[in-house]
Amino acid sequence: MCTLEKRGNIYILTLTGTDDHRLNPPLLDSLQSALRRLRSETAGSGGLCALITTAQGKYFSNGYDLDWAGSNEDRLLLMSTKLRSLVKDLISLPMPTIAAVSGHASAGGFILALCHDYVLMRKDRGYLYMSELDIGLVLPAWFGTLLRCKIGSPAVWRDVVMTAEKMTAEVAVQKGVIDSAHGSAAETLRAAVALGEQLVGRRWEGHVYGENRKVVLAGVLDALGVGDSVEHVNATSRLLKPKNVASRL
């Protein structure tokens, strides 16, 4: 599912395998378990460390596992609940966080990347893509709140949500969606490690860092607390008829 590796003061959380890293309960549980371990191991460090999240294979994450959920409302709600819990943990983490996007990041996978403080991406493969409009699903309200917090331009936010634009890394840099683009997955990870070391070198107190992030993303935390409405889950389940399940969020 995922591994957590320590390199000096840098922790690298890797989604393992060559699949498309769908966000289903086992993967989300594995990621959250890794974050709990990270908190435990760094509890006495004063926050002098950084987290990098990346993935093996051609995908960073292709979003919710709608094959697993089908049109089952309980399963859809379970996936949503677990992703919201993971995002809350990332937002409150007492250290800088960096997403090293190693390939395609779609819908929930795009959101997962944006939950980090910095987003770096390879430019030789992959795109960022909010697929909901193309597959006929309504965007969860908290997705929209996070996108507005992370994407400064209303025009770009419109392109992401209302045209379902598939953005390459270079385009995403130009539009201010991510921080930098790199030649390959390996180069992206090296750049993320270098950035992490630079941030750790500032010797910020971890608790203060995490609390300040919570202030910056207070609107997202409020939206996460509300969760998906029953109406949204019901509407999504109706749209996910068996013939359409292969088209995933």
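Please give the FRET efficiency for Met162 paired with Ser71, using the beta carbon to beta carbon distance and R0 = 35 Å, rounded to the nearest 0.05. It comes out at approximately 0.85. Accessible surface of segment 33-190, 1.4 Å probe: 49 percent of it comes from carbon and sulfur atoms.
Look at the dipole of segment 1-122 built from charges on Cβ: of Thr14, Leu114, Ser45, the Cα furthest out on the positive end belongs to Ser45. The count of lysine pairs in the chain with alpha-carbon distances below 20 Å, taking only pairs 8 or more places apart or on different chains, stands at 11.
Out of all DSSP beta bridges with both ends in the chain, state the antiparallel percent to the nearest 5. Show your work: numbers first, answer last.
Numbers: 7 of 28 bridges.
Rounded to the nearest five, the antiparallel share is 25 percent.
About its Cα centre, the chain has a charge dipole of approximately 200 debye under the convention of +1 per Lys or Arg Cβ and -1 per Asp or Glu Cβ, with nothing else charged. With θ taken as phi - 60° and the Karplus curve 6.51 cos²θ - 1.76 cosθ + 1.60 applied, the whole-hertz 3J(HN,Hα) list for segment 111-125 is 4, 4, 4, 5, 6, 8, 5, 10, 10, 10, 8, 6, 10, 8, 7 Hz, x standing for glycine and proline. Only helices enter this figure: runs of n ≥ 4 DSSP H residues, each worth -39500 (n - 2.57), summed and divided by the residues of the chain, yield -14500 deg cm²/dmol at 222 nm to the nearest 500. Taking the square roots of 5 times each eigenvalue of the Cα gyration tensor of segment 59-111, largest first, gives ellipsoid semi-axes of 23, 16, 5 Å. Note that the chain presents 43 Å² accessible area per residue, ligands and nucleic acids not counted, probe 1.4 Å. The gain in end-to-end length when the Arg203 to Leu48 segment is fully stretched comes to 55.2 nm, 0.36 nm per residue minus the alpha carbon separation. Descending by average beta-carbon neighbour count within 10 Å, the peptides 68-78, 145-155 line up as 68-78, 145-155, the highest first.
The values are calculated or read from the model by the stated rules, or taken from the named source; none is laboratory data. Since the structure is predicted, the reported quantities are computational estimates derived from the model, not experimental observations. Glycine gets a Cβ as well: all are built from the backbone with ideal geometry, and neighbour counts include every protein chain shown. For accessibility, only protein heavy atoms count, side chains too; no ligands or nucleic acids. Shrake-Rupley method; radii C 1.70, N 1.55, O 1.52, S 1.80 Å.
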